[in-house]
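**Student:** Shown below is the structure under consideration.
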Amino acid sequence: MTAGESWGAPGAGAVEAGGGSVVRRILLGSQLRRLRESRGITREQAGYSIRASESKISRMELGRVSFKARDVEDLLTLYGVSAEAERGPLLGLAKEANVAGWWHSYSDVLPGWFQTYVGLEGAATLLRVYEVQFVHGLLQTEAYAHAVVTRGGGELTEAEIDRRVALRLERQKILVSERAPRLHCVLDEAALRRPYGDRDVMRGQLEHLIEISERPNVTLQVMPFSFGGHSGESGSFAMLRFPESDLSDVVYLEQLTSALYLDKGEEVAHYEKAMERLVEDCPSPSETRDLLRGLLQLS
C-alpha cells in the first residue's frame with residue numbers, strides 16, 4: 001500500500017507550511033552532505049564534531065530529523081564554510097526547516113514513519129501513484145475511509161478511528177487548495193472490486209471517483225483485469241515531484257510498519273518507466289469513467 005491509507009492529513013493552509021518545512025529539511029541535509037563529501041570528511045568525523053553518532057549525521061543528511069542551529073554552525077565550520085554569505089542562507093534554511101508541521105498535533109494517531117510523507121505530499125507539485133489494495137487516500141469518501149481504517153485498525157477505539165478519518169479528509173483538501181498539485185492516479189481494478197463497507201459505501205465511492213476525475217488537476221485511470229500482467233507487478237508506489245529545482249523526485253514505498261524513500265536517479269528511473277507503461281497501457285481517463293459507470297451499474 002502507499003500514501004498511508006490508514007492515516008490522514010491537514011487542511012490546505014497548514015499543508016503548505018508543514019510540507020515546506022519537510023522539503024527544506026531535505027534540501028539542507030543534501031547540501032550538508034555535498035559539503036562534507038567535497039571536503040573528504042567521513043560521517044563519523046562529522047558526528048564527533050557535534051557530539052553525535054554517525055547515524056545521526058546520516059539522518060540529518062536525509063532530512064529525517066530536525067536541525068539544531070548550533071549543530072549546523074559547527075558542521076559548517078568543520079566544512080570550512082566561514083563566509084557569512086554562505087553560512088547565512090544555510091542557517092536560515094535550518095530555522096525554516098524546524099517549523100513544526102501540522103501533524104505534530106496528531107502524533108497520537110499518526111505514526112512517525114509516515115510524517116515525512118505527508119509533509120512531502122503537501123509540498124509536491126505532481127503526485128503520481130499506483131494503488132492495488134484500495135482507493136488512494138486522496139480520493140476516498142468519508143464512509144469508505146471509515147471502512148478502510150476500521151478494517152486495518154486492529155484494536156483502535158471508535159474515537160481513534162474517527163480521528164484518523166477526519167485527518168484523511170483534511171489531507172484531501174490539498175486537491176482544492178490555491179496551489180493544488182496535479183494528481184495522476186492509476187488504480188488496479190482489484191482496488192475497486194474489493195469491498196470496503198456495504199454496497200452503499202462502494203456505490204458512493206465509485207460515484208465520487210467519477211466526479212473527482214473531472215477536476216482539471218486530477219487524472220484517473222484504471223488498470224483492468226482484462227489487460228493481464230502489467231508493469232505494476234511489484235506493487236503500489238507513489239512518486240512525488242517538487243518545485244525546487246535541486247530536489248529530486250522521490251519514490252515512496254509503504255510497508256506495514258515503516259516506509260522507504262528512494263531518490264537515487266537510477267532507482268527513480270525504474271519507477272518512472274513503470275508508471276509511464278501503466279499510463280500507456282490503461283484505458284484513457286474518459287474510458288476509465290465509462291468503466292467506473294459500468295461497475296456502478298453492477299453494484
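Rule-based calculations on the coordinates, nothing more; no lab input. On a predicted model such as this, the values are computed, not experimentally measured, just so you know. FYI the Cβ positions are ideal-geometry reconstructions off the backbone, even for glycines, and counts take in every protein chain you see.
**Student:** With the convex hull built on the Cα atoms of the stretch 28-161, state its orientation-averaged projected area in nm².
**Tutor:** 11.0 nm²
**Student:** Further question on the same structure: Working only with C-alpha atoms, what are the Rg and Dmax values of the stretch 39-108, expressed in angstrom?
**Tutor:** 13.4, 43
**Student:** Could you give the radius of gyration (one decimal) and Dmax (whole number) of the Cα atoms in the chain, in Å?
**Tutor:** 20.8, 69
**Student:** Any idea what diffusion coefficient the stretch 256-299 gets from Stokes-Einstein, in µm²/s, Kirkwood Rh on alpha carbon pairs, 25 °C, 0.890 mPa s?
**Tutor:** In µm²/s, the coefficient is 185.
**Student:** Sticking with this one: Mean residue ellipticity at 222 nm from the helices of the chain, using -39,500 (n - 2.57) per DSSP H segment of n ≥ 4 over the full residue count, to the nearest 500 deg cm²/dmol?
**Tutor:** Working: 12 runs with 153 residues, N = 299.
Estimated from H runs of four or more residues: -16000 deg cm²/dmol.
**Student:** Here's something else I'd like to know. When ranked by the protection proxy of mean other Cβ atoms within 10 Å per residue, highest first, what sequence do the peptides 258-267, 167-176 form?
**Tutor:** 167-176, 258-267
**Student:** Given the stretch 191-253 reduced to its alpha-carbon atoms as identical point scatterers, what log10 I(q)/I(0) does the Debye formula return at q = 0.14, 0.27 Å⁻¹?
**Tutor:** -0.67, -1.15
**Student:** Going Cα to Cα from LYS68, which lysines come in below 18 Å? Please leave out same-chain ones fewer than 8 positions away.
**Tutor:** LYS56, LYS95
**Student:** OK, next. Over the stretch 100-173, consider all pairs of different Cα atoms and compute the Kirkwood hydrodynamic radius from their mean reciprocal separation; express it in Å, one decimal.
**Tutor:** Working: mean 1/r = 0.0756 Å⁻¹.
Answer for the stretch 100-173: a Kirkwood hydrodynamic radius of 13.2 Å.
**Student:** Show me 64-72, 137-145 ranked by packing, highest mean number of other Cβ atoms within 10 Å first.
**Tutor:** Result, highest mean first: 137-145, 64-72.
**Student:** Let me ask you something else. Kindly provide log₁₀ I(q)/I(0) values, in the same order as q = 0.14, 0.15, 0.28, 0.32 Å⁻¹, from the Debye equation applied to equal alpha-carbon scatterers of the stretch 137-189.
**Tutor:** After summing over all Cα pairs, the log10 values are -0.43, -0.49, -1.07, -1.22.
**Student:** Show which lysines lie in cross-link reach of LYS264 when reach means a straight Cα distance below 18 angstrom and same-chain residues fewer than eight apart are skipped.
**Tutor:** Correct list for LYS264: LYS273.
**Student:** Something else about it: Which order do the peptides 198-205, 76-83 take when ranked by the mean count of other beta-carbon atoms within 10 Å per residue, highest first?
**Tutor:** Ranked by mean Cβ neighbours within 10 Å, highest first: 198-205, 76-83.
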